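To start, the structure under review is shown below, and the notes come after it.
Throughout, read-outs are computed from the coordinates displayed, never taken from laboratory work. This structure is a prediction, so every number in the text was calculated from the model and none was measured. So basically every Cβ, Gly included, is an ideal-geometry build from the backbone, and we count neighbours across all protein chains shown.
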Amino acid sequence: MTEGTVASRNMNLRMTVYTALFTALMIIGGYISVPLPAGPVPIVLADFFVMVTGFFLGFKWGLTSVLLYLSLGVLGLPVFAGGRAGLAVLFGPTGGFLFGYLLLVASVGLLSSKGKPSIARNLTALVTGNILLYGAGVPWLKAVMNLGWTSALAAGLIPFIPGIIIKIAVASGLVRAFLPRFKERLVSFQ
Amino acid sequence: MPVLEIQDLTHVFPDGAVAIAEINLKVNAGEFLVIAGPNGSGKTVLALHLNGLLRPTRGKVLLDGEPIDKNIIAARKKVGLVFQDPDNQIVGQTVAEDVAFGPENLNFPPAQVGMIVKESLAAVDLSQFATRSPHALSGGEKRKLAIAGILAMKPKIIVFDEPFTGLDYPGVVQVLKEILRLHKTGHTILLITHELEKVLAHADRLVIMHKGRLVADGKPESVIYRAESYGVRMPLKDGEKVSALTWLK
Amino acid sequence: MTLFHYIHKDTVLHRMDGRLKLASLLLFSLAAGFASDLPDYLAPLSVLICSVLLAKLPFTVLLKEMRFFGVIILIVIVVNAFTFPGDPILKSPFASISRQGVIAGLRFAGRLSIVLLVSTVITGTTPLTRFRDAIEWYLRPVPFVPEARVATMINLTFLLIPVLLDSFKEIRNAQNSRCGQLRKNPVKRMKYLVFPLLGQTLRRADEIVNAMEARCYSEVRTKATFKCKKTDWFLLAISFAVFLFVLL
């Protein structure tokens, strides 16, 4: 066995562990919330951790992590926000947001790996990801619930806008604080 | 009047497990109290009641004669809690930012926050690290940073939960010196530990907890002989005095 | 905390083959999704309550720990009742409660109760390792999926959830000790909760990797063996019957 295969196997294990960790973060993100000073909707952290996962794990492993999260929910374990689970949730009114998580993590993973790291690039990735997330979630909600556009937006987007902005702000700070060191460490193991 | 009074304090978890039961304790201002007990004896649960992080199932906690649930913010300023794992306590990206967390919560003007941070860092001798990342600090320094974060709230009572866990010899000495200095400057100290050999010489009083109950309370030299029967290692060898129980020279 | 934790007893349900149990779990969560009339909810719920008793799980304790979900259900029912358009039961100048709204809320409550109960039964009677082995078995014939790696991920995820929740609780406690709840700025508030959590999580990952390598972790590992008895098939048949009942 050559040196290279040992290292790459080590890398697979490392990424396996990280994938599980970020999936666990998404799951507890559905249970912990940060209250907003105004408005009835608290900030749920599941989608926040999906955004962060895109940065840290990149396209392939990030997608794996979200797929693992969705599969555990489909199997019937109460991992989705507020303890919901099952195939029915995935194809229910809010299912578009769950599929949107795949788009979110994929786009953040792709966009953040291209070019030089900068705040502008991170923000582009985050904003694009969120547009895709809500672009999948809101029309889905409209179709499943037979709503008009106004009520679909009122139920699926408008109340969350302050939360989205806060999450993007925190995610961008988090990435700036942790990602460089994380990437350095990863390279050192390769 | 005692500065802290615990009356008939009982906490039952939702699953029916009794964490602490019928605890009665009076602590006088300026006292140095060591609370000992094996793992799972309810020491940490007791600590979390002292500033209202946990609400009792029965009984109450009085600070200067007032029940703490009357003014929880005042209680949290008065009773500083230094947690077991400093990594759970440290929030800032730099040492100074972390110490500023508390005073900023109290909405002090920036100039005053800056002053408090300076004072608190100087008090624990960490001024030179102000702009460093907390995770670059050693174990003992991290613990001292956690203490500085608490000092910035200007507490009268400081509760330490297992302050020596995971520290090397210099780390223990560093932290122990800090605790003694705080005691000397007039703070009331409650120290939770099962490692009596590191600190007991400096305590005025020793309390032992066992299975959620307070089973012994008194002068260290009289209570110490009952420690072993409650699952705490008896640190004295034949002929040794309690004053030998310290890691300071 | 006993909810969603394995509780060791020796009962038919504890001995049931993990693969069939997993299939039953899927059937029940599908049933929860398809349910529409009152009997559709009552059938799975009564079967599940019987299984909690059959598995000798501490019923009252579990109920107490489900209070959190009780609050969610209550909120959903109230919100639905007031916001759903439909025939009013109670009219007032400010808000009216609609019949459809109450029904929609109750449906949600029924669905959530089924999901919660079935996960309680499954997690209460199945050690994580057996659950993981069953998933691995189902993945064996699937091409391009490294089943051993997925099984490890699932295992680690389950192990980490309570650990991370505990650190989150302690982080929040430590901040509230310093009056963190007085913060108004939501960005700062979230930052202070999430930064320490992530920092710790990443450090923990390194320790886990080292510990696994130290014990020679490999993806080529002993395969699990399964034993399947007649009673297991009988239990699966009950689950299937419930599913069909709800579907038809």
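Quick notes on this one:
- Trypsin sites (Lys or Arg not before Pro) within region C:68-176, DSSP loop, no more than 12 other Cβ atoms inside 10 Å: C:K91
- For the residue pairs B:K60/C:K188; B:K26/B:K144; B:K78/C:K191; B:K142/C:K188, the C-alpha atoms sit more than 30 angstrom apart in B:K60/C:K188.
- The lysine pair count for chain A, using Cα distances under 16 Å and pairs eight or more places apart or on different chains, is 4.
- Over the protein assembly as shown: helical MRE at 222 nm, DSSP H runs n ≥ 4 each giving -39500 (n - 2.57), nearest 500: -19500 deg cm²/dmol
- Using the Cβ-Cβ distance between C:A241 and C:T11 with R0 set to 22 Å, the FRET efficiency works out to roughly 0.60.
- Dimensionless Rg ratio for the protein assembly as shown, taking C-alpha atoms and the 2.2 N^0.38 Å reference: 1.04
- Within region C:119-170, the chymotrypsin sites (Phe, Trp or Tyr not before Pro) that combine a DSSP coil assignment with at most 10 other C-beta atoms in a 10 angstrom radius are C:F144.
- Cα gyration tensor, region B:4-244 - rounded (a/c under 1.5), prolate or oblate: oblate
- Inter-centroid distance (Cα atoms) of region A:127-145 relative to region B:203-249, Å: 63 Å
- C-alpha center-to-center spacing [region B:1-53, region C:42-72] in angstrom: 33 Å
- Principal-axis tilt of helix A:161-189 within chain A, Cα atoms, nearest 10 degrees: 10 degrees
- Put in line by how crowded their Cβ is, counting other Cβ atoms within 10 Å and starting with the fewest, C:F28, B:F108 read B:F108, C:F28.
- Overall form of region C:188-248 per C-alpha gyration tensor (a/c, 1.5; a/b vs b/c): oblate
- Modelled label positions at C:V78 and C:A224, each set 7 Å beyond Cα in the direction of Cβ, lie 4.2 nm from each other.
- The distance between label points at B:F108 and B:N28 comes to 3.1 nm (points 7 Å beyond Cα on the Cα→Cβ vector).
- Values of log10 I(q)/I(0) for region C:147-218 across q = 0.20, 0.22 Å⁻¹ run -0.89, -0.99, by the Debye formula with one identical scatterer at each alpha carbon and no solvent.
- Across peptide A:81-93, the mean count of Cβ atoms from other chains lying within 10 Å of each residue's own Cβ comes to 6.
- Fewest-first ranking of B:T246, C:T60, using other Cβ atoms within 10 Å as the exposure measure: C:T60, B:T246
- Residues listed by number, region B:188-215, amide nitrogen under 20 Å from B:S229 label point at 7 Å toward C-beta: B:196, B:206-215
- Each label point was placed 7 Å from the Cα along the Cα-to-Cβ direction; for B:K211 and C:K56 their separation is 2.4 nm.
- Residues C:L53, C:L128, sorted so that the one with the fewest Cβ neighbours within 10 Å comes first: C:L53, C:L128
- Between region A:18-35 and region C:105-153, the Cα center-to-center distance that results, in Å: 18 Å
- Computed over region A:3-177, the range of Cα coordinates on each principal axis works out to 60, 38, 28 Å, biggest value leading.
- Taking a ≥ b ≥ c as the square roots of the eigenvalues of the Cα gyration tensor, region C:40-81 is classed as oblate, since a/c reaches at least 1.5 and a/b does not exceed b/c.
- Chain C: radius of gyration over Cα atoms, expressed as a fraction of 2.2 N^0.38 Å: 1.24
- Within straight-line cross-link reach of C:K229, lysines at Cα separation under 26 Å, skipping those fewer than 8 residues along the same chain: C:K9, C:K21, C:K56
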